[in-house]
Amino acid sequence: MMTTAFVIKWKSTVNGRAGKGTRHFEKEEAEQLAEELNREYPQIQHEAVPFRPEPEPEPAPRSPSGLVHTA
């Protein structure tokens, strides 16, 4: 049986910045941690979300001279 890893996603209610943690948790542990963080830091909204790896970015196209072209 495969278990899903969870991470903590957060968003500041003060300046709008957002992100997610890198540490993986079991679902219950992540939910408990998010609740604890919301109590300790009410200006930041924390949420336990399933971990989904980010897709690898595609490399920038190169010219025959080897220079990278950007738009």
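Among 61, 50, which is modelled with pLDDT of 95 or more and not basic (Lys, Arg)? Don't jump to the end; show me each part of the working.
Details: 61 fails: modelled with pLDDT of 95 or more.
Only one candidate passes the filter, namely 50.
Here's a check for you: in segment 1-10, which residue that is hydrophobic (A, V, I, L, M, F, W, C) and in contact (Cβ under 8 Å) with a residue 12 or more places away in the chain is surrounded by the fewest Cβ atoms within 10 Å (Cβ to Cβ)? So that I can check it myself, show each step before the final result.
Step one: of segment 1-10, the residues hydrophobic (A, V, I, L, M, F, W, C) are 1-2, 5-8, 10.
Next cut, in contact (Cβ under 8 Å) with a residue 12 or more places away in the chain only: 5-8, 10.
Working: 5: 13, 6: 23, 7: 18, 8: 19, 10: 18.
This residue is 5.
Can you confirm whether segment 24-40 contains a residue that is acidic (Asp, Glu), assigned to a strand (DSSP E or B) and surrounded by 15 or more Cβ atoms within 10 Å (Cβ to Cβ)?
no
Collect the residues in segment 46-57 that are surrounded by 10 or more Cβ atoms within 10 Å (Cβ to Cβ) and out of contact with any helix residue (DSSP H, G or I) (no Cβ under 7 Å at 6 or more places or on another chain), keeping them in residue-number order.
We begin by selecting, within segment 46-57, every residue surrounded by 10 or more Cβ atoms within 10 Å (Cβ to Cβ); these are 46-52.
Result: 49, 50, 51, 52.
How many residues are among the aromatic types (Phe, Trp, Tyr) and modelled with pLDDT under 95 if we restrict to segment 1-40? Don't jump to the end; show me each part of the working.
Keep residues of segment 1-40 that are among the aromatic types (Phe, Trp, Tyr), which gives 6, 10, 25.
With the extra rule that they be modelled with pLDDT under 95, the set shrinks to none.
Matching residues across segment 1-40 total 0.
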Looking only at segment 11-22, decide whether some residue is in contact (Cβ under 8 Å) with a residue 24 or more places away in the chain and exposed (fewer than 13 other Cβ atoms within 10 Å of the Cβ). yes
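Could you please let me know if residue 67 is at negative phi and modelled with pLDDT of 95 or more? Write out each step before concluding.
Numbers: at negative phi: yes; modelled with pLDDT of 95 or more: no.
No; evaluated as a whole, the condition is false for this residue.
The values are calculated or read from the model by the stated rules, or taken from the named source; none is laboratory data. Computed from a prediction, not measured in an experiment: that's the story for all the values here. All Cβ positions, even for glycine, are placed from backbone atoms using ideal geometry, and neighbour counts span all protein chains on display.
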